[in-house]
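Asks: This structure is in C-alpha cells; I'll ask about it shortly.
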Amino acid sequence: MGACCTKDNLYGGYTTYDKDDRDSNGDDGEEVRRGEDGATVRLRGSSAFTSMFTQRGRKGINQDAMTVWEDFSGEKDLMFCGVFDGHGPSGHRVARHARDILPTKLSTAIKKQLYEPENGVVSEACVEPDNNGGKQRNRLVSKWEAALEESFKEVDQELSLDSSIDCFCSGTTAVTIIKQVNFLENNILYFPIFIQSLDHFDHQGEHLVVASVGDSRAVLCTRGDKHQLIPIQLTVDQKPNIPCEAERIKNRQGRIIAEKEEPDIYRVWVPDGNYPGLAMSRSLGDFCLKDYGLISTPQVSYRKLTRKDEFIVLATDGIWDVLTNNQVINIVASVRNRSMAAKLVVKLAVSEWKRRFPGSLIDDCAAICLFFKNPPLLTKSMTSVGRRNVRSHPELAVSRSCRSVGVDRKRGVREEEVEGGSMKRECSKEERTKEERKGVQGLRRANSLTRATRFTKTLSHNQRTEKFYHEVESR
C-alpha cells in the first residue's frame, strides 16, 4: 500500500523506488495462459512483437489491467490487445473481469458477424482495395464495429448481473485493438477468418480496428516524408465536456460540473446527489450513471497499416497525464531491446510524476507496445528524455542525426500529425504554460471518481499541490 519506507534508486537521471520497481499486474496469475480456440494469452512480459508492463501507483492495489491474445479466435494472423483502467472501490475487480471476458465475448461476436455460412462457405465479408489509407468505411468494417459494440454491451450487462462485484460506483475504461493480416485474390481483400486454405493468397498488408471507452488511449507511430517519427492518436479521450457527449448526458438529466478546486476537470454527477463525479463519459460498469447518459458503447475506428507505420502504444491515463504522445513514441522508438519498451514508458512516466510533482499521489500506469515489423526498431529520432537516459541505459541509444517531432520550447513550434494531414503552428506562451499545467491537472485527475475514491487526500497534500500549482503558473 501507498508510500512505504523505500530506498532511492537512480534510474536514468530520475528517482524511482525499489519497492514498486516491478511488473505489478495486481494478481498472481500466470504470465502466459491458453485461451479459447488455442489462443496464447499474455498478462505481462513480452513476445516477438509485443511488450507489456504495469506498475502500481501510490493509491493501493493496482487497478490497471492488460492482456494480449495471439492467434486470437483461433486464427494465426489475428491479434487482440487490451488495456483497462479501473476506478472506484472495486475498480480493480471490474478491470480484471473485463480483461478476462471481453476477448471471449468478442471472439464469439466476430464469428457471428464475419462467418455467416451458406453451404459451408464464407459469406461476403470482404473489403475492396482501398487507396486512401484505409479510411473508407465498408461492409467489413461495419461488421467489426458491430462485433465490438455487441461484445462491450455483453460485458457491461454481465457486470450488472454479477453480484460478486460491486459496480454501482466502480467501473473501468477499455482501449482495445485487433490487428489482422489480409490476403488478396482477384483484387478483393479477404480477412482469412475460417478460410481453410491460404496457399494461393498473396499477403497484402495489415489492418487495425480500435475500440475504446473512457480515457485510456491508443497512439500509433508512423514516419513522415523526412522519415521523422509522428504520433497519430487513434482514440478520443471521452470526457463529459465534449459537445456530443455532453448533449447525450444532459438529455438524460445527468449533471456535468467542474468543481472549484479543479475548474478544468469536468465530471458527471447524478441529478439529485453529490456523487459519483466521474471524469469520463463512457465506461464499463458505473451503473449509478447508466440512466443518466453514461454509456458503454465503444468508439470504433479503422486504419489500414502502411510501410511507414512502426508500432502502436496502448496506455492508461497514468502515462498520458505526464507524457505527451510525441514523448511516448520517441521513448519506444529509442529502445534497442523492444521487450523493454513498455517498461521504459511506465518507468519514465512514474519518474516524471516524481520529478515534476514531488509528494503527489501517482496514478497506476500500464502500457502495451505492439510492433508491426520484424527487425528491431532503431529510430533516427532523439528526445530530450532519451538524451538524459542514454548514458545510464545503452538500450536507449539512438542516432543523433535527426530531430524529434514535438514541442521545441526555444522556437515554440509544434508539428503534429492528425488524421487527414499534418499541422504546424506557433505555440504561444499561454499554450506552453497550459502544457506545463497539464501535469498538475493530472495530479487531480488521478482519481476518476471524487466521491468513491480509494484514499483520502490530506490537508497537507492539498497545500503542497496548490503551492506547486502556483509555482508552475509563475514560470
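The values are calculated or read from the model by the stated rules, or taken from the named source; none is laboratory data. The structure displayed is predicted, hence computed values, not measured ones. So basically every Cβ, Gly included, is an ideal-geometry build from the backbone, and we count neighbours across all protein chains shown.
Asks: Filter the stretch 141-169 down to residues that are of a type in the set (Gly, Ala, Ser) and in a helix (DSSP H, G or I) and give me whichever is surrounded by the fewest Cβ atoms within 10 Å (Cβ to Cβ).
Replies: For the stretch 141-169, the residue satisfying everything is 142.
Rundown of residues vs (1) in contact (Cβ under 8 Å) with a residue 12 or more places away in the chain; (2) touching a Ser or Thr at 6+ places or on another chain (Cβ under 8 Å); (3) closer than 30 Å to residue 255 by Cβ, yes/no style:
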position	(1), (2), (3)
293	yes, yes, yes
305	yes, no, no
351	yes, yes, no
366	yes, yes, no
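Asks: In the stretch 311-323, which residue that is of a type outside the set (Asp, Glu) and in a helix (DSSP H, G or I) is modelled with the lowest pLDDT?
Replies: The residue in question is 318.
Asks: Residue 277: buried (at least 18 other Cβ atoms within 10 Å of the Cβ), of a type in the set (Gly, Ala, Ser) and part of a strand (DSSP E or B), yes or no?
Replies: Answer is yes for this residue.
Asks: Give me a count of the residues in the stretch 324-337 that are surrounded by fewer than 22 Cβ atoms within 10 Å (Cβ to Cβ) and either farther than 28 Å from residue 246 by Cβ or at pLDDT below 95 (or both).
Replies: Going through the stretch 324-337 one residue at a time, the tally reaches 2.
Asks: Go through the stretch 236-262 and count every residue that is more than 25 Å from the chain's Cα centre (by Cα) and either surrounded by 14 or more Cβ atoms within 10 Å (Cβ to Cβ) or part of a loop (DSSP other than H, G, I, E, B) (or both).
Replies: 8
Asks: Just checking, how many residues over the stretch 49-71 are within 24 Å of residue 106 (Cα to Cα) and not polar (S, T, N, Q)?
Replies: Counting residues in the stretch 49-71 that are within 24 Å of residue 106 (Cα to Cα) and not polar (S, T, N, Q) gives 10.
Asks: Which condition number does residue 326 fail, the rest of (1) touching a Pro at 6+ places or on another chain (Cβ under 9 Å); (2) in a strand (DSSP E or B); (3) of a type in the set (S, T, N, Q) being met?
Replies: Every listed condition holds for residue 326 apart from (2).
Asks: Still on this model: Among the listed residues 306, 316, 297, identify the single one that is surrounded by fewer than 22 Cβ atoms within 10 Å (Cβ to Cβ), hydroxyl-bearing (Ser, Thr, Tyr) and out of contact with any helix residue (DSSP H, G or I) (no Cβ under 8 Å at 6 or more places or on another chain).
Replies: Selected residue: 306, the only one of 306, 316, 297 that is surrounded by fewer than 22 Cβ atoms within 10 Å (Cβ to Cβ), hydroxyl-bearing (Ser, Thr, Tyr) and out of contact with any helix residue (DSSP H, G or I) (no Cβ under 8 Å at 6 or more places or on another chain).
Asks: Something else now. Look through the stretch 12-46, keep the residues that are among the hydrophobic types (A, V, I, L, M, F, W, C) and outside any strand (DSSP E or B), and return whichever of them is modelled with the highest pLDDT.
Replies: 43
Asks: Is it the case that some residue within the stretch 227-234 is surrounded by fewer than 20 Cβ atoms within 10 Å (Cβ to Cβ), more than 17 Å from residue 315 (Cβ to Cβ) and either modelled with pLDDT under 95 or not β-branched (Val, Ile, Thr) (or both)?
Replies: Yes, the stretch 227-234 contains a residue that is surrounded by fewer than 20 Cβ atoms within 10 Å (Cβ to Cβ), more than 17 Å from residue 315 (Cβ to Cβ) and either modelled with pLDDT under 95 or not β-branched (Val, Ile, Thr) (or both).
Asks: I've got another one for you. Please go through the stretch 278-295 and give me each residue that is out of contact with any Phe, Trp or Tyr (no Cβ under 6 Å at 6 or more places or on another chain) and over 16 Å from residue 238 (Cβ atoms), ordered by number.
Replies: If the condition is that a residue be out of contact with any Phe, Trp or Tyr (no Cβ under 6 Å at 6 or more places or on another chain) and over 16 Å from residue 238 (Cβ atoms), then 291 is the only one that fits.
Asks: Still on this model: For the stretch 47-60, check the following and say yes or no: at least one residue is touching a His at 6+ places or on another chain (Cβ under 9 Å) and either part of a loop (DSSP other than H, G, I, E, B) or under 26 Å from residue 331 (Cα atoms) (or both).
Replies: yes
Asks: Also, I was wondering about something else. Take the stretch 63-75 and flag every residue that is out of contact with any His (no Cβ under 6 Å at 6 or more places or on another chain) and either crowded, with 24+ Cβ neighbours inside 10 Å or without any contact (Cβ under 8 Å) to a residue 12 or more places away in the chain (or both).
Replies: If the condition is that a residue be out of contact with any His (no Cβ under 6 Å at 6 or more places or on another chain) and either crowded, with 24+ Cβ neighbours inside 10 Å or without any contact (Cβ under 8 Å) to a residue 12 or more places away in the chain (or both), then 64, 65, 66, 67, 68, 69, 72, 73 are the ones that fit.
Asks: Among the residues of the stretch 130-154, write down those that are modelled with pLDDT of 90 or more and more than 19 Å from the chain's Cα centre (by Cα).
Replies: Answer for the stretch 130-154, where residues must be modelled with pLDDT of 90 or more and more than 19 Å from the chain's Cα centre (by Cα): 146, 147, 150, 153, 154.
Asks: Could you run through the stretch 215-235 and say how many residues are assigned to a loop (DSSP other than H, G, I, E, B) and in contact with a strand residue (DSSP E or B) (Cβ under 6 Å, 6 or more places away or on another chain)?
Replies: Result for the stretch 215-235: 4.
Asks: Additional query: On the given criteria, is residue 382 surrounded by fewer than 24 Cβ atoms within 10 Å (Cβ to Cβ), under 12 Å from residue 51 (Cβ atoms) and modelled with pLDDT under 95?
Replies: no
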